Amino acid sequence: MAVYAVGDIQGCYEPLIKLLDKINFDPAKDRLWSVGDLINRGPDSLKTLRFLKQLGPAFTAVLGNHDLHFMALATGAFDGGKKKTLKKLLAAPDCEELCEWVRKLPILHYEKLETDNGKKAFLMVHAGIAPGWSLKQALGYANEIENVLRGDTYTKFLNKMYGDFPDIWHKELTGMERLRVLTNYFTRIRFCNKETQLNLAIKNWYNYSTKRV
Ligand SMILES: [Mn+2]
């Protein structure tokens, strides 16, 4: 048994199949992990999702920002943003079924795996986690989003998740502000400060990074 991890597949079905052939991937024995952004940008989001879904328990993925965007469009929760390369998927007869499958994917995946050097713990997330969060906190915060996505009000969340603010985590944030900032850490973050201390005066990560480095 081998576990393979792959980055953003982004609807690139053919290159994915070629890669899996190259490593003789066998879903009966091996497992494939993906860090999310399974779709969009590339030419074949529909084929990619159908293929990954039928892998069943051999496939493990976390949600990326493009996967969330797809759900927002597919459910009608949001109408905007880039959707050209999602057109075929959105018009497919099994779009709803695929969307329901995506909806159940986690934000964070944590698992202990047997390696050549003994058992090791692995944590997979699309973009990142905030400095200073413990494993327990990260899992708990991810769970807050997962619970909303799996609940009755998920389209409301998909409609309100867009935006860059608040841009700094604070444990007292509530409601959509809390969910939005958490979602942005997990699925969109590129820069952040290395201290665990919050600096609420800084308005965006890029400024912080250029100021400090
Ligand atoms: Mn992404």
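Worth a mention:
- Answer from Ala127, Ala142 - the residue that is within 22 Å of His69 (Cα to Cα), crowded, with 18+ Cβ neighbours inside 10 Å and at pLDDT below 95: Ala127
- Restricted to region 115-132, and to residues there that are assigned to a loop (DSSP other than H, G, I, E, B) and touching a residue at least 12 places away in the same chain (Cβ under 8 Å), the residue that is nearest to Pro57 (Cα to Cα) is His126.
- Selection count, region 47-93, where residues are hydroxyl-bearing (Ser, Thr, Tyr) and within 30 Å of Met1 (Cα to Cα): 2
Residue-by-condition table, conditions (1) at pLDDT below 95; (2) assigned to a loop (DSSP other than H, G, I, E, B); (3) more than 16 Å from the ligand (Cβ to nearest atom):
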{"position": "Tyr4", "(1), (2), (3)": "no, no, yes"}
{"position": "Ile39", "(1), (2), (3)": "no, yes, no"}
{"position": "Arg50", "(1), (2), (3)": "no, no, yes"}
{"position": "Lys53", "(1), (2), (3)": "no, no, yes"}
{"position": "Gly76", "(1), (2), (3)": "no, yes, yes"}
{"position": "Pro93", "(1), (2), (3)": "no, yes, yes"}
{"position": "Trp101", "(1), (2), (3)": "no, no, yes"}
{"position": "Leu113", "(1), (2), (3)": "no, no, yes"}
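- Odd one out for Lys82, checked against (1) buried (at least 17 other Cβ atoms within 10 Å of the Cβ); (2) within 16 Å of the ligand (Cβ to nearest atom); (3) touching a residue at least 40 places away in the same chain (Cβ under 8 Å); (4) not aliphatic (A, V, I, L, M): (1)
- Residue check, Phe165 in contact (Cβ under 8 Å) with a residue 12 or more places away in the chain, loosely packed, with under 12 Cβ neighbours inside 10 Å and of a type in the set (A, V, I, L, M, F, W, C): yes
- In region 55-74, the residues that are out of contact with any Pro (no Cβ under 6 Å at 6 or more places or on another chain) and within 13 Å of the ligand (Cβ to nearest atom): Ala61, Leu63, Gly64, Asn65, His66, Asp67, Leu68, His69, Phe70
The values are calculated or read from the model by the stated rules, or taken from the named source; none is laboratory data. Not measured: the values here are computed from a predicted model. When we count neighbours, we look across all protein chains shown, and the Cβ atoms used for this are built from the backbone with ideal geometry, even at glycine.
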